[in-house]
Amino acid sequence: MTKPKRKLLLINGPNLNLLGRREPEIYGTLTLDDIVAGAISAARKNNAELTHFQSNSESAIIERIHQTLDDGTNFLIINPGAFTHTSIAMRDALLGVSMPFIEVHLSNVLAREEFRKRSYLSDIAIAVISGAGAKGYELAVLTAIDQLGPQ
Ligand code: DQA
């Protein structure tokens, strides 16, 4: 019998659909599609499956987090964008589904404006990867797989 695959869900929040054109000096020149392709490939190499969801809407992201209760997701990787610094509702959603997650930021949020230094998610995350650029997503995939343990 084949064992079930490890299922990772990657969520990208607001304005990350603009990657490649959005403040490239901060966020780099890769598009979101490029970054997602890298994350999918890192997952596949490790016999895991990664699906992706991006939305600019806080409610849509919260609904997607809720769906992880029933869709077989084992681990969440999330770049919540600016909702990181504002959304108690997103924190409550993550606590509500008890899903282990890694918080990812392309930029080093601690080296930027004061308001970016507060995260409503970091203290409940398994790990926070901030400032590693697009590679941070691949690092998150490898860390998630490590956390899930052998199949
Ligand atoms: C970001 C950092 C956030 O402060 C910002 O609002 C973003 C992107 C990052 O990936 O560096 O939208 O999450």
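With respect to being in contact with an Asp or Glu (Cβ under 8 Å, 6 or more places away or on another chain), closer than 13 Å to Gly13 by Cβ and open to solvent by 10 Å² or more (accessible area, probe 1.4 Å), Ala82 falls outside the description.
Of (1) more than 16 Å from the ligand (Cβ to nearest atom); (2) in contact (Cβ under 8 Å) with a residue 24 or more places away in the chain; (3) assigned to a helix (DSSP H, G or I); (4) not hydroxyl-bearing (Ser, Thr, Tyr), Leu8 satisfies all except one. Which? The number of the failed condition is (3). Give the stretch 116-140 a look and list any residue that's more than 10 Å from the ligand (Cβ to nearest atom), over 16 Å from Asn12 (Cβ atoms) and assigned to a helix (DSSP H, G or I), or say none. Ser122, Asp123, Ile124, listed by residue number.
Hey, can you tell me all the residues within the stretch 59-73 that are within 25 Å of Asp33 (Cα to Cα) and either open to solvent by less than 20 Å² (accessible area, probe 1.4 Å) or in contact with a helix residue (DSSP H, G or I) (Cβ under 6 Å, 6 or more places away or on another chain) (or both)?
First pass over the stretch 59-73, keeping only residues within 25 Å of Asp33 (Cα to Cα): 59-68, 71-73.
The answer is Ile61, Ile62, Ile65, Thr68, Thr73.
What about Thr29, is it away from the ligand (no atom under 13 Å from the Cβ), without any contact (Cβ under 8 Å) to a residue 40 or more places away in the chain and not in a helix (DSSP H, G or I)? Yes. Taken as a whole, the condition of being farther than 18 Å from Ala140 by Cα, touching a helix residue (DSSP H, G or I) at 6+ places or on another chain (Cβ under 7 Å), free of Cβ contacts under 8 Å to residues at least 60 places away in the same chain and open to solvent by less than 10 Å² (accessible area, probe 1.4 Å) does not apply to Ser55. Within the stretch 69-115, the residues that satisfy the criterion of being within 16 Å of the ligand (Cβ to nearest atom) and aromatic (Phe, Trp, Tyr) are Phe83, Phe101, Phe115. Can you name the number of the only condition in (1) of a type outside the set (Asp, Glu); (2) loosely packed, with under 15 Cβ neighbours inside 10 Å; (3) more than 26 Å from Asp146 (Cβ to Cβ) that Ala37 fails? Going through (1) of a type outside the set (Asp, Glu); (2) loosely packed, with under 15 Cβ neighbours inside 10 Å; (3) more than 26 Å from Asp146 (Cβ to Cβ) one by one, Ala37 breaks only (3). Within the stretch 106-116, identify whether any single residue is aromatic (Phe, Trp, Tyr) and within 15 Å of the chain's Cα centre (by Cα), and answer yes or no. Taking every residue of the stretch 106-116 in turn, none turns out to be aromatic (Phe, Trp, Tyr) and within 15 Å of the chain's Cα centre (by Cα). Just one of the numbered conditions (1) touching a residue at least 40 places away in the same chain (Cβ under 8 Å); (2) closer than 19 Å to Leu19 by Cα is not true of Ala144: (2). For the criterion of being of a type outside the set (Asp, Glu), within 16 Å of the ligand (Cβ to nearest atom) and surrounded by fewer than 18 Cβ atoms within 10 Å (Cβ to Cβ), Arg44 fails.
The values are calculated or read from the model by the stated rules, or taken from the named source; none is laboratory data. Only a predicted model underlies this, so the values are computations on that prediction, with no experimental measurement involved. Here Cβ is always computed from backbone atoms with ideal geometry, including for glycine, and neighbour counts include all displayed protein chains. When the accessible area is computed, the model is the full protein with side chains, heavy atoms only, and any ligands, DNA or RNA have been set aside. Shrake-Rupley method; radii C 1.70, N 1.55, O 1.52, S 1.80 Å.
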